[in-house]
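The values are calculated or read from the model by the stated rules, or taken from the named source; none is laboratory data. All values derive from a computational prediction rather than experimental measurement. All Cβ positions, glycine included, derive from the backbone under ideal geometry; neighbour counts span all protein chains shown.
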Amino acid sequence: MEYTGERIIPESMNPKNGMLKEHIARYEFASEYSEGRVLDLGCGVGYGVEILLDLDDELRITQVTGVDWDQESVEYAREMYGYTKAVFVQGDIRQERLSDQLGSFDTIICYEVIEHLHEDDMVVRTIAKMLKPGGVLLISTPFGKGKGKPCASPFHVHQYLETEFIELLEAYFNVKMYHQVDVTIEKPDPEKKYYLMVAVCSHRENTR
């Protein structure tokens, strides 16, 4: 599979590549929350599924389903990361029927996806439908100039202000915000400059 810069392909990248290390750090962060039936939306070539299963020392995960709209990426994932507990499916989160196809999940991961989509509210609503009561959603996106504003990446529709991202999620979830710089993901420090935000979300009735 050709590396174009849009998708992370660990086998085609230098292990010291900063973007690769940042992506790996997000899945390591997600592993602290992952349990039961896990969904990785926008899984790309599937490397995140491998990280989650490798770090699951307590065997809390029963299955990880990776979903991506790109069939070539899904086929690559099946070949490279075909673990017993891993399932890879071609699907488009913009299609609301996807929730009926996949069912419900204890943990949902949606990293670096929402900024690619015009249908952001519909997508978050569909995710809320798929997340079980008591479940956790981890969703990330880069900081930007705001919805509808130009951004540097040719692959992004727009990049959010943090207030916009929180507003989008709070329509459905309780939200705890973390910020990322390099491989560090932490509660925001006003003295630091961050590049990306990671939200840890639960349904409003969930006190976890």
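Things to note:
- Restricting segment 174-205 to residues that are charged (D, E, K, R) and in contact (Cβ under 8 Å) with a residue 60 or more places away in the chain, the residue that is nearest to MET130 (Cα to Cα): GLU205
- Checked against (1) among the hydrophobic types (A, V, I, L, M, F, W, C); (2) outside any helix (DSSP H, G or I); (3) in contact (Cβ under 8 Å) with a residue 12 or more places away in the chain, PHE29 meets all criteria but (2).
- Among the residues of segment 155-177, those identified as in contact with a helix residue (DSSP H, G or I) (Cβ under 8 Å, 6 or more places away or on another chain) and not hydrophobic (A, V, I, L, M, F, W, C) are HIS156, HIS158, GLN159, TYR160, TYR172.
- Filtered residues of segment 183-203 (kept if surrounded by 12 or more Cβ atoms within 10 Å (Cβ to Cβ) and either modelled with pLDDT under 95 or in a loop (DSSP other than H, G, I, E, B) (or both)): VAL183, PRO188, TYR194, HIS203
- Criterion (in contact (Cβ under 8 Å) with a residue 60 or more places away in the chain, hydrophobic (A, V, I, L, M, F, W, C) and surrounded by fewer than 21 Cβ atoms within 10 Å (Cβ to Cβ)) met by exactly one of ALA152, ALA171, ALA128: ALA128
- Per-region count, segment 131-145, residues at positive phi and either assigned to a loop (DSSP other than H, G, I, E, B) or buried (at least 16 other Cβ atoms within 10 Å of the Cβ) (or both): 0
- Residues in segment 75-109 that are outside any strand (DSSP E or B), among the hydrophobic types (A, V, I, L, M, F, W, C) and either surrounded by fewer than 21 Cβ atoms within 10 Å (Cβ to Cβ) or more than 17 Å from the chain's Cα centre (by Cα) (or both): MET80, LEU98, LEU102.
- Of the residues making up segment 151-174, those that are more than 25 Å from ARG7 (Cβ to Cβ) and among the β-branched types (Val, Ile, Thr) are THR163, ILE166.
- Members of segment 32-72 found to be among the hydroxyl-bearing types (Ser, Thr, Tyr) and within 21 Å of GLY103 (Cα to Cα), listed by number: TYR33, SER34, THR62, THR65
- In segment 32-61, the residues that are in a helix (DSSP H, G or I) and not β-branched (Val, Ile, Thr): TYR47, GLY48, GLU50, LEU52, LEU53, ASP54
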